[in-house]
Amino acid sequence: GRLYLNKVFHISAAKMFELLFTDSAFTRRFKDIRKISNASSTPWQKESSGNLRRTLNYTITITNPLVGKSSTATENQTLYKESREGQYYLVDSEVYTHDVPYHDYFYTLNRYYIISHSKRKCRLRVHSDVKYRKQPWGLVKSFITKNSWSGLEEYFKHLEAELLEEEAELNQPNGEM
Ligand code: YK8
């Protein structure tokens, strides 16, 4: 896998969790800019394991010329019970894209760590891996991996840029916060 984001933000850990993993104005705006539509989400629900789970469904717009213009996707997120509110959050997200070529062969596993750095700062790390559900032919596998990595790299660069804007807004001395 690869580390796509690893950065300290002037945003508290609790606020970062709220921005990324609740139905926040930030998430809604980011989805708008990315042309992610038909978004729906279940609430976070406790499982027998003690972890919290939720499922998101949405339609993504794709710019990769090898693929159709859009695909529906399902994202299963797990907030691990080891997480400590305000201190440390660990979320795994499995993303299944249903309408891209070879979609039944792979999914993407994104691991988000939010670690409190100080009262008003946190580190956000996102590590992603392409996982295979069945073994494709070698050439197909490298094709899927290459196209997934470039898509993920672009996505997380954009997410980082939008978070930096949010950080600037939140830290304005005369801001609403
Ligand atoms: C989530 C990983 C792969 C997929 C895409 C697949 C191409 C397959 C090409 C053929 C289009 C929001 C991606 C990038 C779509 C977007 C997914 C997002 C960014 C020719 C083999 C959607 C995070 C996420 C995870 C996986 C990404 C897909 O929050 O290249």
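The values are calculated or read from the model by the stated rules, or taken from the named source; none is laboratory data. What you see is a predicted model; the values in this text were computed from it and never measured. We place every Cβ from the backbone using ideal geometry, glycine too, and count neighbours over all the protein chains shown. Please note that ligands, DNA and RNA were not included when accessible areas were found on the heavy atoms of the full protein model with its side chains. Shrake-Rupley method; radii C 1.70, N 1.55, O 1.52, S 1.80 Å.
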For the chain, what mean projected area does the convex hull of the alpha carbons give, in nm²? 10.7 nm²
For the chain, what is the mean residue ellipticity at 222 nm derived from helices alone (per DSSP H run of n ≥ 4: -39500 (n - 2.57); sum divided by total residues; nearest 500 deg cm²/dmol)? -9500 deg cm²/dmol
Run the numbers on the chain and let me know its relative contact order in percent, using alpha-carbon pairs under 8 Å that are six or more apart. 24 percent
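Considering only protein heavy atoms, what per residue accessible area in square angstrom results for the range 76-168 with a 1.4 angstrom probe?
55 Å²
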Local charge sum around Ala13 (other residues, Cβ-Cβ under 15 Å, Lys/Arg +1, Asp/Glu -1)? +3
The chain, accessible surface, carbon-and-sulfur percent (1.4 angstrom probe): 50 percent
Would you mind checking Lys46/Lys157; Lys81/Lys141; Lys7/Lys119; Lys15/Lys46 for any pair whose Cα atoms are more than 25 angstrom apart? Lys46/Lys157; Lys81/Lys141
Among Leu139, Gly68, Leu109, the residue whose Cα sits farthest towards the positive end of the charge dipole of the range 58-151, when +1 is placed on the Cβ of each Lys and Arg and -1 on the Cβ of each Asp and Glu, is Leu109
